[in-house]
1. Given contacts defined as C-alpha pairs under 8 Å and at least six residues apart, what's the relative contact order of the chain, whole-number percent?
2. Only bridges with both residues in the chain count here: give the DSSP antiparallel percent, nearest 5.
3. Can you give the FRET efficiency to the nearest 0.05 for residue 58 and residue 14, using r as the Cβ-Cβ distance and R₀ = 22 Å?
4. Could you let me know the centre-to-centre spacing of the stretch 13-29 and the stretch 45-78, using Cα atoms, in angstrom?
5. Output the direction-averaged projected area (hull surface divided by four) of the convex hull of the alpha-carbon atoms of the stretch 22-89, in nm².
6. 7 Å from Cα along Cα→Cβ at both residue 29 and residue 41: what's the point-to-point distance in nm?
């Protein structure tokens, strides 16, 4: 007989590092060229004027100005329209 309780394997001890996603500059804050405004996965927030999209869908400013959030009506390829959030630097 075993003199010690059998030790199983633990399957849930791994964890990934935090990705620090989200809005970095709020509406009305000043933005300099290259300043990160939103870090996101995919594009739930679209780029407006003076804002570009990075390789990992990060939105960043290309000119000095004030961050402005708004909405835009977009029509999908199947004719369905939806309201999307946008961010601009004005």
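1. On the way: 169 pairs, mean separation 23.5, N = 90.
So the answer I get is 26 percent.
2. Values: 18 of 21 bridges.
Roughly 85 percent of the beta bridges in the chain run antiparallel, per DSSP.
3. On the way: r = 26 Å, r/R0 = 1.20.
Efficiency computed from Cβ-Cβ geometry: 0.25.
4. If we compute the Cα centre of each part, the gap is 18 Å.
5. Numbers: hull surface 17.6 nm².
Projected over every direction and averaged, the Cα hull of the stretch 22-89 covers 4.4 nm².
6. 2.2 nm
Only the coordinates and a few stated rules stand behind these numbers; no lab work does. None of the values given here were measured: they were computed from a predicted structure. All Cβ positions, glycine included, derive from the backbone under ideal geometry; neighbour counts span all protein chains shown.
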